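S.K.: Below are the structure tokens for one structure; questions will follow.
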Amino acid sequence: MLSGVTDDGSTQSGSLIDEIVREGARRMNAHDIVQEPDEHARFAAYLDQLQQVAKADEVDLISHVLSDPDQTMAQSAVLRHLDRRAADLHLDPAYAKWSKAMAQAVIGHSFLTRRLHEWSLFRAITLTLSWRPDDLLAASDWLQLKAAVESSTAAIEILAEDGRTKRIRNTATVSLKRQSQR
């Protein structure tokens, strides 16, 4: 039990904070200590494995991760991997082969399939390959924001005018102003 507090903020056995900590530790039992949930540990392990996977084993590892019963966690881990790899590869000719393999690996997972499609659209815009403005306008806020910051003038102009949200339109407008100042 906590002791009385003196005028200087201490107790008979020391400082009040020390007393509170000791009392809390005394009352706590092993069942009160929260363990890291299994899905958090698996998520961290998957991220680590995906970071280190050899190219030849990437599809198999993604399939393994996506077989996890916690689909939200599994898809989140794969999404982080896809975003990291696509960011590294989207300007490289190797992207086409990689994205085709990844598309096969994520069949049946619509969000992951859409993200791969959007990376391919971003790649086309960035490399001034063939792309359709309607595809950009139908894309997610994630892609529109990314394109509003990092893509071609044509895409940024479209987003400044017709981007889905005010934030996207404002970001694109700022990007256009920066480009004109160069």
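S.K.: Taking the Cβ of each residue in L145, L176 as the centre, tally the other Cβ atoms inside 10 Å and list the residues starting with the fewest.
M.R.: Result, fewest neighbours first: L176, L145.
S.K.: Test of the criteria: in the stretch 80-182, which GluC sites (Glu not before Pro) are in a DSSP loop and have at most 14 other Cβ atoms within 10 angstrom of their Cβ?
M.R.: Those that pass, being in a loop and sparsely packed, number zero.
S.K.: Same structure again: Can you give the net charge of the other residues whose Cβ lies under 13 Å from the Cβ of A94, counting K and R as +1 and D and E as -1?
M.R.: Computed value for this residue: +2.
S.K.: Can you give the net charge of the other residues whose Cβ lies under 14 Å from the Cβ of Q104, counting K and R as +1 and D and E as -1?
M.R.: With Lys, Arg at +1 and Asp, Glu at -1, the neighbours total 0.
Laboratory data are not the source of any read-out in this text; all were calculated from the coordinates shown. Worth saying up front: this structure is predicted, and the values here are computed from it rather than measured. Backbone-built Cβ (ideal geometry, glycine too); neighbour counts: all protein chains shown.
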